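Student: To start, I am sharing the structure in question, which I have written as structure tokens.
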Amino acid sequence: MRIDILTIFPEFFSVLDVSLVGKARQSGLIDLGVHNLRDHTHDRHNTVDDTPYGGGAGMVMKPEPWGEALDEIIASLGTTDAGPVLIFPSPAGELFTQKTARELAGEPNLVFGCGRYEGIDQRVFDHYAATGRVRLISLGDYVLNGGEVAVMAMIEAIGRLIPGVVGNPESLVEESHEDGLLEYPSYTKPPSWRGHDVPPVLRSGNHGAIAAWRREQQLERTSRVRPDLLPPANSEAGAKPGE
Ligand code: ADE
């Protein structure tokens, strides 16, 4: 997979040299390009933002540097069937979930555009959406200072789903969100630690009983912590009044 990132803080992404994503880059599973948006400005101050039309607080990122930089990145990718997916992290976007990560892990080319300030001029999204695929994606209902940290989280979530990146692919199957539920609790040795014992069923060797216990734990944990993830019939929220 080829990933391009456009940002005014390229140095943010040096951490992508380490850990699983770093290894995936070394082995050629992920090819990463980080580009400085300011390289596409043509004034003395390398200006990337300006005041908003209609007034209001804050600054808006100007469309021209984005247009020049994105055109160059897209052209450098050559022609693929559907072209890259352009992803702009934004608190005003669709929610990023494991399903989003899975969809994007199947793409050959992703381009991430990191906005700052009050966001990017809307015409950038409209222009590229007219001829290609553009997604505004939010990490959650809170506001970050810019898209960089969100892009790092998304790349980690997407990258680990690319075949070969995670050594043991079975570990991807039994984790939170893969089956729509939260993961069951895990234990390792010693069997007793500071008075807390490993649940006996896990040491029983009875695989059927272990699988049943884990499923029960997943359901209990999900209904306690994240009832919104349960299908309506199983959740309090989905129950009709009086039920
Ligand atoms: N940029 C600012 N806040 C964000 C959020 N919650 N998710 C993604 N990108 C953002």
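Student: Testing GLU175 on (1) in a loop (DSSP other than H, G, I, E, B); (2) surrounded by 12 or more Cβ atoms within 10 Å (Cβ to Cβ); (3) within 16 Å of the ligand (Cβ to nearest atom), one condition comes back false. Which one is that?
Tutor: Here GLU175 clears every test but (3).
Student: To continue, here is another question. Examine region 192-200 for a residue that is farther than 18 Å from GLU174 by Cβ, aromatic (Phe, Trp, Tyr) and surrounded by 11 or more Cβ atoms within 10 Å (Cβ to Cβ), and state whether such a residue exists.
Tutor: yes
Student: Also, I was wondering about something else. In region 103-120, which residues are hydrophobic (A, V, I, L, M, F, W, C) and over 16 Å from ALA153 (Cβ atoms)?
Tutor: If the condition is that a residue be hydrophobic (A, V, I, L, M, F, W, C) and over 16 Å from ALA153 (Cβ atoms), then VAL111, ILE120 are the ones that fit.
Student: Here's something else I'd like to know. Would you pick out the residues in region 74-96 that are among the β-branched types (Val, Ile, Thr) and either more than 16 Å from the ligand (Cβ to nearest atom) or assigned to a loop (DSSP other than H, G, I, E, B) (or both)? Before you say what the answer is, go through the steps one by one.
Tutor: From region 74-96, those among the β-branched types (Val, Ile, Thr) are 74, 79-80, 85, 87; that's our starting set.
Within region 74-96, ILE74, THR79, THR80 qualify.
Student: Please tell me if ILE5 is part of a helix (DSSP H, G or I) and β-branched (Val, Ile, Thr). Walk me through it before giving the result.
Tutor: Numbers: part of a helix (DSSP H, G or I): no; β-branched (Val, Ile, Thr): yes.
Criteria not met by ILE5.
Student: Taking region 119-148 only, how many residues are outside any loop (DSSP other than H, G, I, E, B), more than 7 Å from the ligand (Cβ to nearest atom) and in contact (Cβ under 8 Å) with a residue 12 or more places away in the chain? Give the derivation first.
Tutor: Residues of region 119-148 that are outside any loop (DSSP other than H, G, I, E, B), as a first pass: 120, 122-129, 133-138, 148.
Next cut, more than 7 Å from the ligand (Cβ to nearest atom) only: 120, 122-129, 133-136, 148.
Those still in the list that are in contact (Cβ under 8 Å) with a residue 12 or more places away in the chain too: 120, 123-125, 127-128, 133-136, 148.
Going through region 119-148 one residue at a time, the tally reaches 11.
Student: Ok, one more. Could you please give the count of residues in region 14-36 that are assigned to a loop (DSSP other than H, G, I, E, B) and either of a type in the set (A, V, I, L, M) or outside the structural domain of VAL151 (by the TED database) (or both)?
Tutor: Taking region 14-36 first, the residues assigned to a loop (DSSP other than H, G, I, E, B) are 18, 27-30.
Then keep just the ones that are either of a type in the set (A, V, I, L, M) or outside the structural domain of VAL151 (by the TED database) (or both); that gives 18, 29-30.
Adding up the residues that qualify gives 3.
Student: I would also like to ask the following. Every residue in region 48-90 that is in contact (Cβ under 8 Å) with a residue 60 or more places away in the chain and touching a Cys at 6+ places or on another chain (Cβ under 9 Å), please.
Tutor: PRO89
Student: Scan region 163-204 residue by residue and report those that are at pLDDT 95 or above, more than 24 Å from SER223 (Cβ to Cβ) and of a type in the set (A, V, I, L, M).
Tutor: Those that are at pLDDT 95 or above, more than 24 Å from SER223 (Cβ to Cβ) and of a type in the set (A, V, I, L, M): none in region 163-204.
Student: Among the residues of region 97-118, count how many are outside any loop (DSSP other than H, G, I, E, B), over 21 Å from PHE12 (Cβ atoms) and within 14 Å of the ligand (Cβ to nearest atom).
Tutor: The total comes to 1.
The values are calculated or read from the model by the stated rules, or taken from the named source; none is laboratory data. Keep in mind that this is a model prediction, so the values were computed, not measured. So basically every Cβ, Gly included, is an ideal-geometry build from the backbone, and we count neighbours across all protein chains shown.
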